[in-house]
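K.L.:
To start, I am sharing the structure in question, which I have written as structure tokens.
Taken together, the values in this text are just the output of simple stated rules run on the coordinates, not laboratory data. Values in this document were obtained by computation on a predicted structure and should not be read as measured data. Methodologically, a virtual Cβ is constructed for each residue, glycine included, from the backbone with ideal geometry; neighbour enumeration extends over all protein chains shown.
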Amino acid sequence: MLYTHHNRQVSCHPAGEGRKSPLRVDFDRRLKLEFHGSKVTSDAGFLAYRELDDALGLTEIAGGLFQDSRTGKNGRHGMVGQFRQSLFGRLGGYDDVNDADRLGRDPAMRWIVGGHAVTKQAASTSQMGRFETELLASDENFAALTDLSGVWIDRVHDRRPPKMIILDMDSSVSPTHGEQEGTAYNGHFGCTCYHPLFLFNQFGDLERCSLRPGNVHSANGWRDILEPVVERYRERNLRRYFRGDAAFALPDLYEFLEAEGYKYAIRLKANAVLQESIAHLLTRPLGRPPNHVRRFHASFSYQAGSWDRKRRVVAKVEWHPGELYPRVGFIVTNLSRPAERVVAFYNQRGKAEQFIKEGKNAIKWTRLSCRKFRNNEVRLQLHALAYNLANFMRTLALPEEVEHWSLTTLREKLVKIGAKVVRHGRYVTFQLAEVAVPRELFRKILSLIDDLRRRPIPA
């Protein structure tokens, strides 16, 4: 491989090490540029995430779930190693396999992957392509991949049992720009897209998700997402809650949640009957309009034509300064708390929209550019797992002074740490740049991760 600069040819080692003279820049001839791909990394923060992975035993689980149909040299890199390479690449912002050749030589990635990669290099672009589009795309492996987020979350809850679980369901948009299978124009979003469905818990963990064609209704397939999660939590001693917007105002969903012992708050679209029930609140209050928002609540029983019985509905009416008509919202619920608290509880579902936004920005899970629908399904599930690993870091291992960091900030400041790699006999030292994350902060993160490890029970 040759690189020409100022009429000089520089031979480059496949691992990125320049064997001859360094490159020079003209603005200051005192500067020299050397490329040592096997000796430096821009992603040394991967090591903290790998430590968290090891403490919880997350990626190792895949070894017992995925079926490996490869033979001969195709199996040089183990399934778990390639799985790690897929996830950690996404953590670093490398959203597809096109970067695998370069990442395969990166020292941080090689140690993350382990095994053969430590002494040679991790899987190539072609190997990673086959792993994602062939091995993981098989029916058995895809089913295991889809369930894996729930398995991981259970592992976290075994370490730190929650007292309640709140499930927030929401759909989103993944714009497409080619001839991918299953794409369609969606009038609501105004683009050709996929229309994935997500289910989060209150900690921001993605419990389950599915990729759907672009033209389906927002609630289409809710049972396929919700039922496996409800089944997982059935034996845990928890208070259980569910929230959803008006797209999930479905009688079948109410009945399912009631049968499973879930308290719910789901937005209802307004209609004439609902409006009539709060007619006394829809008349502008007497007197001079105030300079602040005036807010009123009501609670009443209501039965739509498709419902099997009456249910409680909570209404919120807001009069805003300068507006002629009030802002009105309705929530169907089986909560017994006061109306104001029901509204406050429902409003917290806005966090789910924030989680989706973080997944788009930090993990880039809208990058679904494969032609086959199944391959894009695989990519979404890999993005989901990378998101969960990042969120576990945020919720379990960040010291108080940085616990407010978003997933994007975590990637920019914790993952993207430059480091020089130095070998000393049997040991390898990563000399990390001490910029956004100084040594003491990194030590605190590792200490919190260590607290998550299972300790042997004394005899």
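K.L.:
Taking R0 as 35 Å, what's the FRET efficiency between ALA143 and SER406 from their Cβ-Cβ distance, rounded to 0.05?
P.N.:
Once the sixth-power term is evaluated, E becomes 0.65.
K.L.:
Give the calculated FRET efficiency between VAL293 and ASN237 to the nearest 0.05, with a Förster radius of 30 Å applied to their Cβ-Cβ distance.
P.N.:
Here the calculated transfer efficiency is 0.15.
K.L.:
What size of dipole, in debye to the nearest 20, comes out for segment 246-348 about its Cα centre when the only charges are +1 on Lys and Arg C-beta atoms and -1 on Asp and Glu C-beta atoms?
P.N.:
In total the dipole reaches around 440 debye.
K.L.:
Moving on. Taking Rh as the Kirkwood radius computed over C-alpha pairs, what is the Stokes-Einstein D of segment 223-368 at 20 °C in a medium of viscosity 1.002 mPa s, expressed in µm² per second?
P.N.:
Approximately 123 µm²/s, per Stokes-Einstein.
K.L.:
Starting from 0.36 nm per residue, how many nanometres of slack lie between ASP54 and ARG70 once their C-alpha separation is accounted for?
P.N.:
Fully extending the segment from ASP54 to ARG70 adds 3.2 nm.
K.L.:
Once you've got the Cα coordinates, tell me which of LYS357/LYS420; LYS364/LYS444; LYS269/LYS357; LYS357/LYS413 are over 30 Å apart. Intermediate results must be reported in sequence, preceding the final value.
P.N.:
Numbers: LYS357/LYS420 33 Å; LYS364/LYS444 28 Å; LYS269/LYS357 25 Å; LYS357/LYS413 19 Å.
Beyond 30 Å: LYS357/LYS420.
K.L.:
For segment 76-160, just list the percent of Cα-Cα distances falling in each 5 Å bin from zero outward, please.
P.N.:
3, 15, 23, 22, 17, 12, 6, 1
K.L.:
Let me ask something else about it. Please label the shape of segment 354-433 as rounded, prolate or oblate, based on the square roots a ≥ b ≥ c of the eigenvalues of the alpha-carbon gyration tensor (a/c under 1.5 means rounded; beyond that, a/b larger than b/c means prolate, else oblate).
P.N.:
oblate
K.L.:
Using Stokes-Einstein with the Kirkwood hydrodynamic radius over Cα pairs, what translational diffusion coefficient do you get for segment 312-449 at 37 °C and a viscosity of 0.692 mPa s, in µm²/s rounded to a whole number?
P.N.:
169 µm²/s
K.L.:
Give me the dipole magnitude in Debye, nearest 20, for the chain about the Cα centre, with unit charges on the beta carbon: positive for Lys and Arg, negative for Asp and Glu.
P.N.:
Working: 70 positive and 53 negative charges, 224 e Å.
Around 1080 debye, computed over the chain.
K.L.:
Find how much the distance from GLN303 to ARG223 grows on full extension, using 0.36 nm per residue of separation minus their present alpha carbon separation; answer in nm with one decimal.
P.N.:
Length gained between GLN303 and ARG223: 26.5 nm.
K.L.:
For segment 388-459, what class follows from the C-alpha gyration tensor (a ≥ b ≥ c being the square roots of its eigenvalues): rounded when a/c is under 1.5, otherwise prolate if a/b is larger than b/c, else oblate?
P.N.:
Values: a/c = 2.16, a/b = 1.06, b/c = 2.04.
Taking the square roots of the gyration eigenvalues as a ≥ b ≥ c, segment 388-459 is oblate.
K.L.:
Suppose the Debye formula is applied to equal point scatterers at every Cα of the chain; what is log10 I(q)/I(0) at q = 0.07, 0.10 Å⁻¹?
P.N.:
Values returned for q = 0.07, 0.10 Å⁻¹ are -0.46, -0.84.
K.L.:
Shifting gears a bit: For the chain, list the DSSP H helices whose alpha carbon atoms reach 20 Å or more along the long axis and whose average Kyte-Doolittle value is -0.5 or above?
P.N.:
Membrane-span-like by this criterion, though nothing is claimed about a membrane: 139-159, 373-396.
K.L.:
Would you please classify the overall shape of segment 97-207 from the alpha carbon gyration tensor, given that a ≥ b ≥ c denote the square roots of the eigenvalues, rounded means a/c under 1.5, and beyond that prolate means a/b larger than b/c while oblate covers the rest?
P.N.:
Oblate.
K.L.:
Which one, PHE131, SER42, ASN291, is farthest towards the positive end of the dipole of the chain when Lys and Arg carry +1 and Asp and Glu -1 on their Cβ?
P.N.:
Going by the charge dipole, the pick is SER42.
K.L.:
Here's a follow-up. Please work out the FRET efficiency for the pair THR283 and GLU260, using the Cβ-Cβ distance as r and a Förster radius of 45 Å; give the result to the nearest 0.05. The partial results should precede the final answer.
P.N.:
Working: r = 41 Å, r/R0 = 0.90.
The computed FRET efficiency comes out at 0.65.
K.L.:
Additional query: What fraction of the DSSP beta bridges in the chain is antiparallel, stated in percent and rounded to the nearest 5?
P.N.:
85 percent
K.L.:
Additional query: Per DSSP helix of 4 or more residues, -39500 (n - 2.57); summed, then divided by the residues of the chain. What does that give at 222 nm, rounded to the nearest 500?
P.N.:
Working: 15 runs with 155 residues, N = 459.
Calculated from helices alone, the mean residue ellipticity at 222 nm is -10000 deg cm²/dmol.
K.L.:
Then there's this: Select from LEU197, TRP222, LEU31 the residue farthest towards the positive end of the dipole of the chain; place +1 on Cβ of Lys and Arg, -1 on Cβ of Asp and Glu, and compute about the Cα centre.
P.N.:
Most positive-ward Cα: LEU31.
K.L.:
How would you order 409-419, 285-295 from highest to lowest mean count of nearby Cβ atoms within 10 Å? Don't jump to the answer; show the numbers that get you there.
P.N.:
Working: 409-419: 19.7, 285-295: 9.8.
Peptide ranking by packing, descending: 409-419, 285-295.
K.L.:
Near the amide H of LEU167, under 5 Å away, which other amide H atoms are found, from residues 5 or more places off or on another chain, if H is placed in the peptide plane?
P.N.:
When sequence neighbours closer than 5 places are left aside, the close amide H contacts are TYR241, PHE242, ARG243.
K.L.:
Highest mean first, how do 253-261, 304-312, 356-364 rank when packing is the count of other Cβ atoms within 10 Å averaged over residues? Don't skip to the end; give the middle numbers.
P.N.:
Working: 253-261: 15.9, 304-312: 11.9, 356-364: 20.3.
Ranking the peptides 253-261, 304-312, 356-364 by packing returns 356-364, 253-261, 304-312.
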